1. Can you name the helices (runs of 4 or more DSSP H) wholly within the stretch 77-190 that have at least 2 residues being modelled with pLDDT of 80 or more and under 30 Å from GLY21 (Cβ atoms)?
2. Can you tell me which residue within the stretch 9-44, out of those that are closer than 14 Å to ARG182 by Cβ and hydrophobic (A, V, I, L, M, F, W, C), is farthest from the chain's Cα centre (by Cα)?
3. Of the residues that make up the stretch 26-41, is at least one β-branched (Val, Ile, Thr), buried (at least 17 other Cβ atoms within 10 Å of the Cβ) and in contact with a Pro (Cβ under 9 Å, 6 or more places away or on another chain)?
4. Restricting attention to the stretch 133-158, report how many residues are in contact with a helix residue (DSSP H, G or I) (Cβ under 9 Å, 6 or more places away or on another chain) and surrounded by fewer than 13 Cβ atoms within 10 Å (Cβ to Cβ).
Amino acid sequence: MDNKQLNALKDRAYKTAVAHGFHEEERPDAFWLGLVMSEMGEAINADQKGLHANVVRFVEDMELGNPFKESFEAHVKDSLEDELADVVIRLLDFSGRKGIELSITPKEELVSHISEAFDNLKLPGVLFCLAGVLHSSILNGELESYICGLISILSDCFKKITGRDYDLWWFVEQKMQYNELRPKLNGKKY
(Lines give C-alpha, C1' and ligand atoms only; values in the text may rest on other atoms or scores of the structure.)
Protein backbone atom coordinates (compact mmCIF):
# COMPACT_ATOMS: atom_id res chain seq x y z
CA MET A 1 0.00 0.00 0.00
CA ASP A 2 1.43 3.38 -0.93
CA ASN A 3 0.15 6.90 -0.27
CA LYS A 4 -1.57 7.18 -3.65
CA GLN A 5 -3.47 3.90 -3.15
CA LEU A 6 -4.38 4.87 0.42
CA ASN A 7 -5.79 8.21 -0.68
CA ALA A 8 -7.72 6.53 -3.51
CA LEU A 9 -9.32 4.24 -0.90
CA LYS A 10 -10.08 7.30 1.24
CA ASP A 11 -11.83 8.98 -1.69
CA ARG A 12 -13.77 5.81 -2.47
CA ALA A 13 -14.88 5.34 1.16
CA TYR A 14 -16.04 8.96 1.38
CA LYS A 15 -17.81 8.83 -1.99
CA THR A 16 -19.64 5.63 -0.97
CA ALA A 17 -20.66 7.16 2.37
CA VAL A 18 -22.00 10.27 0.61
CA ALA A 19 -23.89 8.16 -1.94
CA HIS A 20 -25.46 6.17 0.91
CA GLY A 21 -26.65 9.25 2.81
CA PHE A 22 -24.15 9.32 5.65
CA HIS A 23 -23.19 12.97 5.15
CA GLU A 24 -26.59 14.56 4.55
CA GLU A 25 -26.44 16.19 8.01
CA GLU A 26 -23.53 18.24 9.29
CA ARG A 27 -22.19 16.59 12.44
CA PRO A 28 -19.23 17.31 14.74
CA ASP A 29 -16.00 15.36 14.52
CA ALA A 30 -16.80 13.59 17.79
CA PHE A 31 -19.86 11.99 16.16
CA TRP A 32 -17.82 10.48 13.32
CA LEU A 33 -15.02 9.37 15.62
CA GLY A 34 -17.62 7.84 17.94
CA LEU A 35 -18.64 5.65 14.99
CA VAL A 36 -14.98 4.61 14.63
CA MET A 37 -15.04 3.60 18.28
CA SER A 38 -18.29 1.67 17.79
CA GLU A 39 -16.51 -0.40 15.12
CA MET A 40 -13.74 -1.03 17.64
CA GLY A 41 -16.38 -2.38 20.03
CA GLU A 42 -17.77 -4.63 17.30
CA ALA A 43 -14.23 -5.94 16.67
CA ILE A 44 -13.89 -6.77 20.37
CA ASN A 45 -17.24 -8.59 20.31
CA ALA A 46 -16.19 -10.62 17.26
CA ASP A 47 -12.89 -11.47 18.96
CA GLN A 48 -14.67 -12.56 22.14
CA LYS A 49 -16.87 -14.89 20.10
CA GLY A 50 -13.91 -16.23 18.09
CA LEU A 51 -15.48 -15.07 14.82
CA HIS A 52 -12.98 -15.15 11.96
CA ALA A 53 -13.47 -14.83 8.24
CA ASN A 54 -13.33 -18.03 6.20
CA VAL A 55 -11.32 -16.65 3.31
CA VAL A 56 -10.85 -20.04 1.66
CA ARG A 57 -14.61 -20.63 1.46
CA PHE A 58 -15.22 -17.07 0.27
CA VAL A 59 -12.66 -17.42 -2.53
CA GLU A 60 -14.09 -20.83 -3.48
CA ASP A 61 -17.57 -19.30 -3.70
CA MET A 62 -16.24 -16.53 -5.95
CA GLU A 63 -14.47 -19.04 -8.20
CA LEU A 64 -17.73 -21.01 -8.50
CA GLY A 65 -19.50 -17.83 -9.65
CA ASN A 66 -21.65 -17.44 -6.55
CA PRO A 67 -22.99 -13.92 -5.85
CA PHE A 68 -20.51 -11.68 -4.05
CA LYS A 69 -22.99 -10.30 -1.50
CA GLU A 70 -24.22 -13.69 -0.34
CA SER A 71 -20.72 -15.14 -0.20
CA PHE A 72 -19.42 -12.16 1.75
CA GLU A 73 -22.28 -12.40 4.24
CA ALA A 74 -21.73 -16.14 4.68
CA HIS A 75 -17.96 -16.18 5.07
CA VAL A 76 -16.63 -12.71 5.99
CA LYS A 77 -19.29 -10.40 7.45
CA ASP A 78 -19.19 -9.69 11.19
CA SER A 79 -15.83 -11.44 11.63
CA LEU A 80 -12.94 -9.85 13.53
CA GLU A 81 -11.23 -9.12 10.23
CA ASP A 82 -14.38 -7.51 8.81
CA GLU A 83 -14.86 -5.31 11.87
CA LEU A 84 -11.24 -4.14 11.82
CA ALA A 85 -11.71 -3.28 8.15
CA ASP A 86 -14.74 -1.24 9.24
CA VAL A 87 -12.55 0.70 11.69
CA VAL A 88 -10.23 1.62 8.82
CA ILE A 89 -13.10 2.44 6.46
CA ARG A 90 -14.63 4.78 9.06
CA LEU A 91 -11.23 6.48 9.44
CA LEU A 92 -10.91 6.73 5.65
CA ASP A 93 -14.41 8.21 5.34
CA PHE A 94 -13.71 10.71 8.13
CA SER A 95 -10.46 11.69 6.42
CA GLY A 96 -12.29 12.20 3.13
CA ARG A 97 -14.89 14.36 4.85
CA LYS A 98 -12.16 16.50 6.43
CA GLY A 99 -10.03 16.65 3.27
CA ILE A 100 -7.10 14.99 5.04
CA GLU A 101 -4.29 13.82 2.78
CA LEU A 102 -3.20 10.47 4.20
CA SER A 103 0.30 9.05 4.48
CA ILE A 104 1.28 5.52 5.42
CA THR A 105 4.11 6.79 7.60
CA PRO A 106 3.01 6.98 11.25
CA LYS A 107 4.36 9.25 13.96
CA GLU A 108 7.23 7.50 15.75
CA GLU A 109 5.99 8.19 19.30
CA LEU A 110 2.61 6.74 18.35
CA VAL A 111 4.24 3.57 17.04
CA SER A 112 6.29 3.05 20.21
CA HIS A 113 3.29 3.72 22.47
CA ILE A 114 1.06 1.26 20.63
CA SER A 115 3.83 -1.33 20.25
CA GLU A 116 4.13 -1.42 24.04
CA ALA A 117 0.37 -1.92 24.29
CA PHE A 118 0.50 -4.85 21.87
CA ASP A 119 3.15 -6.55 23.94
CA ASN A 120 1.12 -6.32 27.16
CA LEU A 121 -2.58 -6.17 26.25
CA LYS A 122 -5.20 -8.22 24.47
CA LEU A 123 -7.39 -6.66 21.77
CA PRO A 124 -9.70 -4.65 24.09
CA GLY A 125 -6.71 -2.94 25.69
CA VAL A 126 -5.06 -2.25 22.36
CA LEU A 127 -8.22 -0.74 20.89
CA PHE A 128 -8.71 1.30 24.08
CA CYS A 129 -5.20 2.69 23.56
CA LEU A 130 -5.99 3.48 19.93
CA ALA A 131 -9.22 5.22 20.94
CA GLY A 132 -7.32 7.20 23.57
CA VAL A 133 -4.75 8.27 21.00
CA LEU A 134 -7.56 9.34 18.68
CA HIS A 135 -9.14 11.41 21.47
CA SER A 136 -5.79 12.99 22.39
CA SER A 137 -5.20 13.90 18.76
CA ILE A 138 -8.39 15.98 18.75
CA LEU A 139 -7.41 17.76 21.95
CA ASN A 140 -3.87 18.41 20.66
CA GLY A 141 -5.03 19.54 17.21
CA GLU A 142 -2.99 16.81 15.51
CA LEU A 143 -5.84 14.73 14.14
CA GLU A 144 -4.38 14.37 10.65
CA SER A 145 -1.07 12.80 11.65
CA TYR A 146 -2.68 10.54 14.25
CA ILE A 147 -5.27 9.16 11.83
CA CYS A 148 -2.44 8.28 9.46
CA GLY A 149 -0.65 6.58 12.33
CA LEU A 150 -3.69 4.59 13.44
CA ILE A 151 -4.35 3.30 9.93
CA SER A 152 -0.71 2.39 9.48
CA ILE A 153 -0.53 0.60 12.83
CA LEU A 154 -3.70 -1.40 12.18
CA SER A 155 -2.25 -2.45 8.83
CA ASP A 156 1.15 -3.36 10.28
CA CYS A 157 -0.32 -5.25 13.25
CA PHE A 158 -3.28 -6.90 11.52
CA LYS A 159 -1.69 -10.37 11.51
CA LYS A 160 -0.81 -10.09 15.18
CA ILE A 161 -4.31 -8.87 16.09
CA THR A 162 -6.15 -11.58 14.14
CA GLY A 163 -3.66 -14.37 14.75
CA ARG A 164 -3.88 -15.23 11.05
CA ASP A 165 -1.75 -14.59 8.00
CA TYR A 166 -4.12 -12.11 6.35
CA ASP A 167 -3.72 -8.69 4.81
CA LEU A 168 -5.92 -5.89 6.17
CA TRP A 169 -6.19 -4.23 2.77
CA TRP A 170 -7.79 -7.30 1.19
CA PHE A 171 -10.55 -7.10 3.82
CA VAL A 172 -10.92 -3.34 3.35
CA GLU A 173 -11.38 -3.88 -0.39
CA GLN A 174 -13.96 -6.63 0.09
CA LYS A 175 -15.90 -4.61 2.68
CA MET A 176 -15.88 -1.51 0.49
CA GLN A 177 -17.26 -3.57 -2.39
CA TYR A 178 -19.94 -4.93 -0.05
CA ASN A 179 -20.78 -1.44 1.27
CA GLU A 180 -21.33 -0.21 -2.28
CA LEU A 181 -24.15 -2.78 -2.61
CA ARG A 182 -25.94 -1.79 0.61
CA PRO A 183 -29.07 0.40 0.99
CA LYS A 184 -29.12 4.00 2.19
CA LEU A 185 -27.40 4.34 5.58
CA ASN A 186 -26.75 0.60 5.35
CA GLY A 187 -30.30 0.16 6.63
CA LYS A 188 -29.53 2.00 9.90
CA LYS A 189 -30.60 5.26 11.55
CA TYR A 190 -27.14 6.90 11.08
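The values are calculated or read from the model by the stated rules, or taken from the named source; none is laboratory data. What you see is a predicted model, and the numbers here were worked out from it, not measured in a lab. Positions of Cβ are backbone-derived with ideal geometry, glycine not excepted, and every protein chain shown enters the neighbour counts.
1. Correct list: 80-98, 123-140, 143-162, 168-180.
2. Selected residue: ALA19.
3. So far as the stretch 26-41 goes, no, none of its residues is β-branched (Val, Ile, Thr), buried (at least 17 other Cβ atoms within 10 Å of the Cβ) and in contact with a Pro (Cβ under 9 Å, 6 or more places away or on another chain).
4. 1
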